[in-house]
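Okay, so here's the structure we're looking at.
Taken together, the values in this text are just the output of simple stated rules run on the coordinates, not laboratory data. In this text the structure is predicted, and so the values were computed from the model without any measurement. Cβ placement follows ideal geometry from the backbone for every residue including glycine, while neighbour counts extend to all protein chains displayed.
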Amino acid sequence: MAFSIYTQSKIAITWQNFIKDATLYFEKINLIANKENISQKDKKKVKIMLEILLDEYKLLKPSKLLPKELKIKADRLYLKAKEIYAKVFRN
């Protein structure tokens, strides 16, 4: 039982880390988006940050014991990253 609790805690931490990373990346993306002139270098940074988030989300393991709010927040951030990536980088 202790191992199960430990495993579930590790899973929840990975979800929390995704949320933390996504929040930080979206802050950086907003700073870039609000610049008067966006350079190619800035565009590449945004693309990389979004790709990292999209890939990181796919590695998250599901858990029935995961707090519902945590999953909902992570899902929203993932969908936001997916939407921005699709609008800006897919032709």
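Values as computed for the structure displayed
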{"quantity": "Residue check for I32: touching a residue at least 12 places away in the same chain (Cβ under 8 Å), of a type outside the set (D, E, K, R) and more than 30 Å from S9 (Cα to Cα)", "calculated": "yes"}
{"quantity": "Filter result (basic (K, R), within 14 Å of A12 (Cβ to Cβ) and in contact with a helix residue (DSSP H, G or I) (Cβ under 7 Å, 6 or more places away or on another chain)) within the range 37-70", "calculated": "K61"}
{"quantity": "Every residue from the range 1-48 that is among the hydrophobic types (A, V, I, L, M, F, W, C) and within 17 Å of K80 (Cβ to Cβ)", "calculated": "W15, F18, I19, A22, L24, F26, I29, L31, I32, A33, V46, I48"}
{"quantity": "Residue count for the range 1-59, restricted to those that are over 22 Å from K73 (Cβ atoms) and of a type in the set (D, E)", "calculated": "2"}
